[in-house]
1. With respect to Ala115, determine if the residue is touching a Leu at 6+ places or on another chain (Cβ under 9 Å), within 30 Å of Thr171 (Cα to Cα) and not hydroxyl-bearing (Ser, Thr, Tyr).
2. Taking only segment 297-333 into account, find how many residues are of a type in the set (Phe, Trp, Tyr) and out of contact with any helix residue (DSSP H, G or I) (no Cβ under 9 Å at 6 or more places or on another chain).
3. Quick check on Asn26: is it over 30 Å from Arg166 (Cα atoms) and of a type in the set (S, T, N, Q)?
4. What tally of residues in segment 80-103 results from selecting those that are within 17 Å of Leu193 (Cβ to Cβ) and touching a residue at least 60 places away in the same chain (Cβ under 8 Å)?
5. Within segment 243-286, restricting attention to residues that are under 16 Å from Leu322 (Cβ atoms) and acidic (Asp, Glu), which residue is modelled with the highest pLDDT?
6. In this structure, does Lys411 turn out to be at pLDDT 80 or above, part of a helix (DSSP H, G or I) and more than 30 Å from the chain's Cα centre (by Cα)?
7. What residue, among those in segment 292-309 that are farther than 16 Å from Asp519 by Cβ and among the aromatic types (Phe, Trp, Tyr), is farthest from the chain's Cα centre (by Cα)?
8. Being loosely packed, with under 13 Cβ neighbours inside 10 Å and hydroxyl-bearing (Ser, Thr, Tyr) narrows it down to one of Ser41, Ser75, Ser86, so name that one.
Amino acid sequence: MNGKKGSVEVKMNPIGKDKISDSNRNYVDGVDFLCKSFILSVWEFCKEDVDRATFSLKAGLAVLAVSLLLLCRDSYKVFGTNIIWSILTVAIMFEYTVGATFNRGFNRALGSLLAGVMAIAVAQIALSTGQVAEPIIIGFSIFIVGTVTSFMKLWPSLVPYEYGFRVILLTYCLIIISGYRMGSPFRTAVDRLYSIAIGVIVAVLVNLLIFPIWAGEQLHKELVNNFASVADALEECVRKYLEDDGSEQPEFTKTIMDEFPDEPAYRKCRSTLNSASKFETLANSAKWEPPHGRFNHFFYPWSEYVKVGAVLRYCAYEVMALHGVLHSEIQAHYNLRITFQKEIQEASSVAAELVRYLGQDIDHMQWSLKSCLLKRVHSSTEKLQRAIDMHSYLLASTYDPPDNSSMQQTKLTHASSSTFSDLDTKSLEQVLDTPNQLLGTTVPLQVESYHEMMRKQSRRQYSWPSREVDAFEDDRGFNKDSIPKMQALETTTNLSLATFTSLLIEFVARLDHLVEAVDELSNVAKFKQGDA
């Protein structure tokens, strides 16, 4: 460099303006795409539930209201820096629903009051013991309060008041320590308590008076939606089971991990199974709410909603079991399924109608279930059961290997077992006219036709254990010793239809318990009585 000996000259090509502009343009396009995607996702999230945006705006308004007491000079002279406790109280106890806010407010107020009283009492005792023993007594009291509150919040019956015990521990420690340093524990406790009271009042008033979100309404809507989800999932599952001919059955491992995008009702029904904790939370919050709207009397039986939801979840379990049979690799032949199509469709449609009817009664807060609908449900189930009993021979393989002693019986058995096969009339006549062929070592034509039918079946019919149809053949042709194995596999696949129908019948049986639960809810909640 600079022409000196031993220097190295480095030449760098200047970056063109067109390259810089292209990179900047790509960067701007990327940022623009991310911003649009974020805004779109936020819009969709708020569109699903408008109350989410309402709650956010209300929380910001409540925090602003108490912050004005600190920002305005006149109010600051009155309250001082203690108003920060009001801001913390609003931020902590402002909940999504009115009932949850009342619950938090009660725990906050009671916990702060108890902590303030204990802190004043312990501080006065510590002051009377002298300067040496005072910090020891305060430290020992903090240890005792922390131990007791942490233990009590784990007690099963006191779990709903867990937040109150946290408030006791936090408020007690802050009051007694700050009082020890400032020298006036009573004054410190009073300032903290009225600041917390201001925060509680502001949070409750804003949540109660400005577009209130009621936990009771949320619980009511969730239960009604779950009824509709279970009914839709049942009809969707039965429809796909009867329409599926097995031509496009996915692999079993892929099916297990799939989210089934073409089955929206199934996803809604699956969310019903996970609604237990949500129902419990909403019911506990609704108990704190005053009478409102349609729920216009005190001590409304919100616990009955939880019971009805529990019974409905058992019905949803049956639907999920039906869905598992639908997507199993072990499937009955399509021709066998459509044999019972009328009975299965009738039973499922009437059961879904009953579930929707119960959901509508809860939605309208009336009890108008007609006895004729229950009779139709039971009648359709009995028809399905009788159809399965009368045609139970179709669910088991009736094929027996031919022998020299009962040749004619074997031919008749094959003729009856070819109900769902592709055996044509010409082949059957050839079998009946040439019985000597069955005495040799060659493979009977009936067996060959039966085997051809089995080969044309979907592979999933022999997926337990999973193997090709060719596994039943050896080098010399068809192995007659494999016929019992094929019979067992055919019977297993046919019995999947019996499993599906038995689950459907079990679902209908659980509807009786669901009707009883809804009837109990209507009596306790004093629903309007319609024409039965």
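1. Spelling it out, Ala115 is indeed touching a Leu at 6+ places or on another chain (Cβ under 9 Å), within 30 Å of Thr171 (Cα to Cα) and not hydroxyl-bearing (Ser, Thr, Tyr).
2. Residues in segment 297-333 being of a type in the set (Phe, Trp, Tyr) and out of contact with any helix residue (DSSP H, G or I) (no Cβ under 9 Å at 6 or more places or on another chain): 2 in total.
3. yes
4. 11
5. Only one residue tops the list, namely Glu243.
6. Against the criterion (at pLDDT 80 or above, part of a helix (DSSP H, G or I) and more than 30 Å from the chain's Cα centre (by Cα)), Lys411 does not qualify.
7. Within segment 292-309, the match that is farthest from the chain's Cα centre (by Cα) is Phe298.
8. On inspection, the qualifying residue turns out to be Ser41.
The values are calculated or read from the model by the stated rules, or taken from the named source; none is laboratory data. Small disclaimer: the values here were computed from a predicted structure and weren't measured. Every residue, glycine among them, receives a Cβ derived from its backbone with ideal geometry; neighbour counts consider all protein chains shown. Just the protein is used for accessible areas: all its heavy atoms, side chains included, with ligands, DNA and RNA removed. Shrake-Rupley method; radii C 1.70, N 1.55, O 1.52, S 1.80 Å.
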